[in-house]
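J.: Handing you this structure, nothing more for now.
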Amino acid sequence: MQNFLLAVDRLSTWIGKAFAWSIVGLTLLISWEVFSRYVLNKPHAWMLDAQIMLYGTLFMTAGAYTLAARGHVRGDVLYGFFRPRTQAAIDLVLYIVFFLPGIIALTWAGWHYAQESLAIREQTFNADPLPVYPFKFVIPLSGAILLLQGIVEIIRCVICLQTGEWPSREKDVEEVDVDKLKEMVHVKDEDIQALDQYVVAQERQS
């Protein structure tokens, strides 16, 4: 099981880093358009659409890697002080209630969206049109990869609930340094234990 978890982490990381190179292409496109527009006085009608599609591809394909790296927004000031089991319980509820429905809907709708675009050979609306359907297939692809990474994170939550410890991750993925965080906010271990007990009590009451 651990090998499977790490294999999905590596896949998400590889895809994220591979598509990160699109930022180089985006930078070159913007630089060339600025030069062409203001120096050569020859702007390109298709350039803005190409930039939007390239940025959209970069944004969409980074989702799974960001999730594997635990880089999405989270209230670490409190979350990092909880016991692993409490963290896993919170994560598991959020994944089931919010993550899975949203990503499944994104992948399903994105696939039909891309198929419709391919069927009509959709293009941009300008003097020099660009094909849109290849870009739209990035939506279900990114959704499927993000869903796979989310399933891995759910499995990690279940393992943590059973063992009391988070499964190991790839070295490329770094967790929040809780000890440094404690020093920054001047919190003692006794305070953390008291807060953790309070959260557990609230969970039992609810």
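J.: Just one of (1) hydroxyl-bearing (Ser, Thr, Tyr); (2) under 24 Å from THR61 (Cα atoms); (3) over 13 Å from the mean Cα position of the chain (by Cα) trips up SER142, so point out which.
T.: (3)
J.: Can you pull out every residue in region 146-189 that is at pLDDT below 90 and assigned to a helix (DSSP H, G or I)?
T.: VAL178, ASP179, LYS180, LEU181, LYS182, GLU183, MET184, VAL185, ASP189
J.: Give the number of residues within region 25-67 that are within 22 Å of GLY110 (Cα to Cα) and crowded, with 17+ Cβ neighbours inside 10 Å.
T.: Filtering region 25-67 down to residues within 22 Å of GLY110 (Cα to Cα) leaves 49-67.
Subset that is crowded, with 17+ Cβ neighbours inside 10 Å: 49-50, 53-54, 57-58, 60-65, 67.
Qualifying residue count for the region: 13.
J.: What do you reckon, is ALA127 farther than 30 Å from GLN2 by Cα, among the small types (Gly, Ala, Ser) and at pLDDT 70 or above? Full working, then the answer.
T.: Values: farther than 30 Å from GLN2 by Cα: yes; among the small types (Gly, Ala, Ser): yes; at pLDDT 70 or above: yes.
It is true that ALA127 is farther than 30 Å from GLN2 by Cα, among the small types (Gly, Ala, Ser) and at pLDDT 70 or above.
J.: Looking only at helices (runs of 4 or more DSSP H) that lie completely in region 48-119, which have at least 3 residues being polar (S, T, N, Q)? Write out each step before concluding.
T.: Details: elements: 63-68, 76-79, 84-94, 100-119.
Of the helices (runs of 4 or more DSSP H) lying wholly inside region 48-119, those with at least 3 residues that are polar (S, T, N, Q) span 100-119.
J.: Of everything in region 74-103, what is of a type in the set (Phe, Trp, Tyr) and surrounded by 15 or more Cβ atoms within 10 Å (Cβ to Cβ)? Give them in sequence order. Full working, then the answer.
T.: The initial filter retains those residues of region 74-103 that are of a type in the set (Phe, Trp, Tyr), namely 79, 81-82, 95, 98-99.
Scanning region 74-103 gives PHE81, PHE82, TYR95, PHE99.
J.: Answer yes or no as to whether GLY71 is buried (at least 17 other Cβ atoms within 10 Å of the Cβ) and modelled with pLDDT under 90.
T.: Working: buried (at least 17 other Cβ atoms within 10 Å of the Cβ): no; modelled with pLDDT under 90: yes.
Here the answer is no, as GLY71 does not meet what is asked.
J.: Scanning region 119-147 for residues that are β-branched (Val, Ile, Thr) and touching a residue at least 60 places away in the same chain (Cβ under 8 Å), which turns out farthest from MET53 (Cα to Cα)? Full working, then the answer.
T.: Here is the first cut: in region 119-147, the ones β-branched (Val, Ile, Thr) are 120, 124, 132, 138-139, 145.
Narrowing the set further to residues that are touching a residue at least 60 places away in the same chain (Cβ under 8 Å) leaves 124, 132, 138-139, 145.
Working: THR124: 11, VAL132: 8, VAL138: 10, ILE139: 11, ILE145: 19 Å.
Only one residue tops the list, namely ILE145.
The values are calculated or read from the model by the stated rules, or taken from the named source; none is laboratory data. Everything numeric in this text was worked out from a predicted model, so none of it was measured. Cβ sites come from the backbone with ideal geometry, for glycine too, and all protein chains shown count toward neighbours.
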